[in-house]
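Visitor: I have a structure here, written as structure tokens, and I will follow up with some questions on it.
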């Protein structure tokens with residue numbers, strides 16, 4: 001079988017202006033990979049060869065650093081005089097470029113979820129000193145055969161600004177239609193240029209049109225600097241006003257008026273669901289709403305975003321009707337729950353022991369105790385409620401860091417309950 005370094009080359013899966021992407025196999029890690037190989041003639045080009053080599057060097061420097069569920073991982077890289085290639089996570093599916101035209105638009109709710117996941121991924125990148133600089137639909141991949149479900153992954157960090165005083169940053173690259181006013185003016189950039197670019201992507205995925213369109217890059221740049229785009233809702237009638245406002249703020253020309261942080265951007269996207277201005281698709285909570293709920297719970301305060309996504313992956317969300325029993329005294333159970341919405345009561349022999357409100361954790365003793373998994377009280381819904389459930393056996397398969405944070409938070413919960421019990425005894 002043909003090889004690229006130690007990797008087996010299976011077939012070509014993509015081709016661009018500077019490189020070919022192959023599906024490959026890593027025989028040592030026993031996984032499929034994507035291998036981006038630069039065209040040899042590009043590297044030897046007297047005018048642009050150095051630029052393209054620097055793009056590969058830039059991306060190669062990120063091997064092992066971009067560990068986030070919504071960023072394509074970079075596993076390996078070789079940058080030599082006659083051969084440059086990057087070995088990356090293989091994401092079966094396609095890019096969002098396919099869904100950026102009026103005749104192939106994704107549902108509005110799905111677009112909001114995608115953009116939300118991008119905000120969290122780019123916030124993570126910003127946290128380790130990386131600004132992407134080339135955010136566009138072609139650099140956002142979706143996993144699986146159905147673009148309406150599943151994860152998305154941001155790719156192609158070759159043009160990224162990386163906080164490293166010894167590194168010469170790559171310049172002269174990017175896609176003008178998605179550039180911020182600061183980027184087209186070649187001003188110093190930070191994460192707010194990516195916020196603007198993601199606003200453009202959101203605009204295009206919602207409407208099927210770019211906010212600024214012209215026959216030349218010069219005219220596009222003029223519009224980016226001087227004109228205001230048409231509101232998305234005028235191009236697609238079903239777009240609610242709240243999304244007009246979010247896109248408008250993300251694409252403000254002056255950085256003082258733009259979202260200052262990724263957290264602000266993602267919060268507004270999640271709030272669009274939580275305020276019922278958008279309908280979560282085919283489930284009680286959207287992915288962005290789930291993330292936002294967990295991110296705000298004190299229990300998960302010390303969990304990094306990557307572990308919040310991990311929890312979302314192995315937990316189960318469900319609805320409970322008023323008066324329904326969630327747990328029964330004496331039952332066996334290898335799971336614990338968090339109350340996301342509603343109110344529950346905890347009783348023992350008909351006596352109310354506690355009232356649970358959103359954010360409360362319950363049932364964890366059956367998971368952390370080595371001696372018994374028997375419930376010691378009844379838990380019943382006082383109102384229609386929504387729960388997050390985690391099985392004990394699932395928690396054992398979580399990452400070591402995620403499990404550690406769970407057990408640390410369990411200790412804090414138990415300590416708080418002990419303090420409350422002592423206060424009640426003292427008051428008797």
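The values are calculated or read from the model by the stated rules, or taken from the named source; none is laboratory data. Bear in mind the structure is a predicted one, so any value in this text is a computation, not a measurement. Don't worry about glycine lacking a Cβ; one is built from the backbone with ideal geometry, like all the others, and counts go over all protein chains shown.
Visitor: Run residue 324 past the list (1) more than 23 Å from residue 393 (Cβ to Cβ); (2) surrounded by 15 or more Cβ atoms within 10 Å (Cβ to Cβ); (3) at pLDDT 90 or above and report the number of the one that doesn't hold.
Guide: (2)
Visitor: Which residue out of 180, 217 is buried (at least 21 other Cβ atoms within 10 Å of the Cβ), assigned by TED's automatic domain parsing to the domain that holds residue 256 and in contact with a helix residue (DSSP H, G or I) (Cβ under 7 Å, 6 or more places away or on another chain)?
Guide: Criteria check complete, one pass: 180.
Visitor: Can I ask one more? In segment 67-83, what count of residues is obtained for those that are free of Cβ contacts under 8 Å to residues at least 40 places away in the same chain, surrounded by 18 or more Cβ atoms within 10 Å (Cβ to Cβ) and part of a loop (DSSP other than H, G, I, E, B)?
Guide: Qualifying residue count, segment 67-83: 1.
Visitor: Only residues that are surrounded by 19 or more Cβ atoms within 10 Å (Cβ to Cβ) and either modelled with pLDDT under 90 or farther than 14 Å from residue 395 by Cα (or both): list them for segment 308-317, please.
Guide: 309
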